[in-house]
1. Quick one: Val208 ticks every box in (1) surrounded by 23 or more Cβ atoms within 10 Å (Cβ to Cβ); (2) part of a strand (DSSP E or B) except a single one, so which number is it?
2. Any idea which of Arg227, Arg218 is over 17 Å from the mean Cα position of the chain (by Cα) and at pLDDT 95 or above?
3. Check whether at least one residue in the range 115-124 is crowded, with 16+ Cβ neighbours inside 10 Å and in contact with a helix residue (DSSP H, G or I) (Cβ under 6 Å, 6 or more places away or on another chain), and report yes or no.
4. Out of all the residues in the range 226-262, which are buried (at least 17 other Cβ atoms within 10 Å of the Cβ) and within 23 Å of Thr145 (Cβ to Cβ)?
5. If Gly143 satisfies every condition in (1) at pLDDT below 95; (2) surrounded by fewer than 20 Cβ atoms within 10 Å (Cβ to Cβ) but one, which is the exception?
6. May I ask you to list pairs of residues, at least six apart or on different chains, whose Cβ atoms are under 8 Å apart, with the first in the range 126-146 being more than 21 Å from Asp157 (Cβ to Cβ) and not assigned by TED's automatic domain parsing to the domain that holds Phe85 and the second being outside any helix (DSSP H, G or I) and among the acidic types (Asp, Glu)?
7. Quick check on the range 180-187. Is at least one of its residues among the basic types (Lys, Arg) and part of a helix (DSSP H, G or I)?
8. Looking at Gly100, is it under 19 Å from the mean Cα position of the chain (by Cα) and modelled with pLDDT under 95?
Amino acid sequence: MSKYWVTKLVVVFFLVGLSLVGNRAWAEDSVRVFCSEGPSFPVHQAAAEFSKIHGVKVDVTDGPPPQWLDRAAKEADVVFASAGFMMSEFLATEALHIEGDTVTPLYVRPSALLVRPGNPQHIADFPDLLKPGIRIMVVSGSGQTGLWEDMAGSQGDVAVIEKFRRNVVYFAPNSTQAVRVWKERKDIDVWVTWNIWHSPMRKYAEVVPVSEKYRVYRHCSAALTKRGAGSALAKQFLAYLKSKEVLAFFTEWGWSQSGSQK
């Protein structure tokens with residue numbers, strides 16, 4: 001073998017070694033978190049506080065899961081889901097390698113109505129959405145999949161479902177899209193969603209709680225991947241998510257542990 005090729009192989013092995021060391025350092029000194037839309041606001045706060053306390057990096061990637069699933073399959077230590085069915089889907093996604101025994105239910109939030117500032121349609125509760133001419137937006141994906149149907153169908157009356165469905169003018173695929181459409185389409189009177197979406201939308205909407213018989217609760221949860229289960233830091237972060245400090249972050253954004261409505 002020529003001196004040229006010997007030198008080239010040495011360089012290649014050196015670079016590969018640096019890469020392995022870099023990956024090992026990342027795994028030991030940081031946590032990679034992938035988070036669905038709903039819990040993302042308090043999760044960022046929790047990550048920042050954990051980083052400050054422990055002097056480590058917690059990197060949070062958030063948004064609709066289809067946007068980050070491929071990356072999460074390669075990089076994730078911790079994965080957040082906005083609803084139980086979403087976590088079940090993550091568990092069934094073999095590429096994510098979620099460790100089922102680490103799934104940790106965290107906080108709940110209630111369904112609610114977002115209306116235009118000043119509530120020009122005088123919407124006071126869910127039955128008002130059945131009136132002719134009310135224009136409704138729902139989310140038919142992410143953590144809101146089936147939410148409107150659970151609310152409309154809570155009384156077991158198909159006539160209620162029919163009246164509600166007739167007034168839906170936009171089905172958003174996720175909450176990120178719903179936020180954009182709400183700001184663009186002033187003709188939409190109400191967004192049927194979770195109360196937590198009022199906090200980032202205070203300039204653009206008011207929140208109307210719904211009465212108990214129409215109210216739906218769903219929880220967010222977090223779990224370790226196989227990669228995360230091998231990281232003491234990732235395990236520590238998962239445990240930290242149930243601390244009083246993190247509860248305060250989630251409470252600020254409308255979540256709770258006991259189903260209270262903000």
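The values are calculated or read from the model by the stated rules, or taken from the named source; none is laboratory data. Note that the coordinates shown come from a computational prediction; the quantities given were computed from them, not determined experimentally. Cβ: placed from backbone, ideal geometry, glycine included. Neighbour counts: every protein chain shown.
1. The one condition Val208 does not meet is (1).
2. Arg227
3. no
4. Passing the criteria: Phe250, Trp253, Gly254, Trp255, Ser256, Lys262.
5. Of (1) at pLDDT below 95; (2) surrounded by fewer than 20 Cβ atoms within 10 Å (Cβ to Cβ), only one is false for Gly143: (2).
6. Correct list of pairs: Arg135/Asp187; Arg135/Asp189; Ser142/Glu37; Gly143/Glu37.
7. Looking through the range 180-187, at least one residue is among the basic types (Lys, Arg) and part of a helix (DSSP H, G or I).
8. Criteria not met by Gly100.
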